[in-house]
1. Looking only at residues in the range 159-185 that are farther than 19 Å from residue 8 by Cβ and either touching a Phe, Trp or Tyr at 6+ places or on another chain (Cβ under 6 Å) or open to solvent by 50 Å² or more (accessible area, probe 1.4 Å) (or both), which one is modelled with the lowest pLDDT?
2. Spot the failing condition for residue 107; the list is (1) closer than 14 Å to residue 211 by Cβ; (2) of a type outside the set (Ser, Thr, Tyr); (3) open to solvent by less than 70 Å² (accessible area, probe 1.4 Å), and only one is missed.
3. Going through the range 69-87 one residue at a time, which ones are in contact with a helix residue (DSSP H, G or I) (Cβ under 7 Å, 6 or more places away or on another chain) and crowded, with 21+ Cβ neighbours inside 10 Å?
4. Can you tell me which residues in the range 70-102 are free of Cβ contacts under 8 Å to residues at least 24 places away in the same chain and among the acidic types (Asp, Glu)?
5. Go through (1) of a type outside the set (A, V, I, L, M); (2) in contact with a Lys or Arg (Cβ under 9 Å, 6 or more places away or on another chain); (3) away from the ligand (no atom under 16 Å from the Cβ); (4) open to solvent by 50 Å² or more (accessible area, probe 1.4 Å) for residue 113 and report which single condition fails.
6. Of all residues being within 13 Å of residue 42 (Cβ to Cβ) and of a type in the set (Lys, Arg) in the range 1-31, which is most open to solvent (accessible area, probe 1.4 Å)? Just the residue, please.
7. Restricting to the range 206-229, name every residue that is within 11 Å of the ligand (Cβ to nearest atom) and either in contact with a strand residue (DSSP E or B) (Cβ under 8 Å, 6 or more places away or on another chain) or closer than 16 Å to residue 188 by Cα (or both).
8. Any idea which of 40, 62, 66 is crowded, with 17+ Cβ neighbours inside 10 Å and in contact with a Ser or Thr (Cβ under 6 Å, 6 or more places away or on another chain)?
Amino acid sequence: MRDYYIAGNWKMHLTRREAADLAGALVKGLKGGKHRYLVAPGFTLLETVAPIVKGSGIRLGAQNAAAEEQGAHTGEVSVLQLKDLGVETVILGHSERRHTYLEDDGLINRKVKLALKHGFEVILCVGELLEERQAGRAETVCESQTVKGLEGVNAADLDRVVIAYEPVWAIGTGKTATPEDANAMHGWIRRVIGKLYGSAPAEGIIIQYGGSVKPENAAQLMAGEHIDGALVGGASLKAETFLPIARFG
Ligand code: 13P
């Protein structure tokens, strides 16, 4: 039986004061919660949020990391620096990284391998564009992003990999994939993992859904056999909207 895993991706929002208030409210509101939880604040907020969530059961995540350990990489943040702050999880391959900042599968794969090498949990995001879905290519796009993102990752490290299916057309748009479509894609991604690693890892891997998850649609999405949680953007920025999602079920 897979645990539900509800994650908040705060993206490029909040000041330190706002982040501290939100993290405090989440710690209070999720005390004794029955699912797994994570928050991923922006880099400048990590040091503020780390001591607040420490020991609460809410994991601390980062939204990206460099593909190199250290060196002349202006503007990048290293996994070593993230580890130093108490970060345990890194979100990689988010569609905003892929499409706005032009990260390709090869770069994302290098980041995945480096983060796993340093003991992090990785949330690898995959998802198709609207035109890819309309052209009937959604499955092949997600398969390719999954296969290329995990190239060279061995079965032992797959325990620390979570996949987030985030259809790009559903992110921040208020449009959600229907629970049926989302579940079908999650099932497809699980079969892709099965082809790569065998049936037990495929059964065990957590696949989150992301894209306009709200308190009103969370339980319906999570009811899908293959949907094991959510990667929440906009609704994760307020305790009033994140807590009902995180406490579903
Ligand atoms: P929204 O929940 O704002 O659509 O964002 C989803 C997302 O991109 C989470 O990573």
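The values are calculated or read from the model by the stated rules, or taken from the named source; none is laboratory data. Just so we're clear, the structure is a prediction, and the values are computed from it rather than from any experiment. We place every Cβ from the backbone using ideal geometry, glycine too, and count neighbours over all the protein chains shown. Ligands, DNA and RNA are excluded from the accessible area calculation, which covers all protein heavy atoms including side chains. Shrake-Rupley method; radii C 1.70, N 1.55, O 1.52, S 1.80 Å.
1. Step by step, filter the range 159-185, then rank; the result is 175.
2. (1)
3. Answer for the range 69-87, where residues must be in contact with a helix residue (DSSP H, G or I) (Cβ under 7 Å, 6 or more places away or on another chain) and crowded, with 21+ Cβ neighbours inside 10 Å: 79, 87.
4. Correct list: 76, 84.
5. Residue 113 satisfies all of (1) of a type outside the set (A, V, I, L, M); (2) in contact with a Lys or Arg (Cβ under 9 Å, 6 or more places away or on another chain); (3) away from the ligand (no atom under 16 Å from the Cβ); (4) open to solvent by 50 Å² or more (accessible area, probe 1.4 Å) except (2).
6. 16
7. Passing the criteria: 208, 209, 210, 213, 218.
8. On the way: 40 fails: in contact with a Ser or Thr (Cβ under 6 Å, 6 or more places away or on another chain); 62 fails: in contact with a Ser or Thr (Cβ under 6 Å, 6 or more places away or on another chain).
66 is the lone residue from the list that is crowded, with 17+ Cβ neighbours inside 10 Å and in contact with a Ser or Thr (Cβ under 6 Å, 6 or more places away or on another chain).
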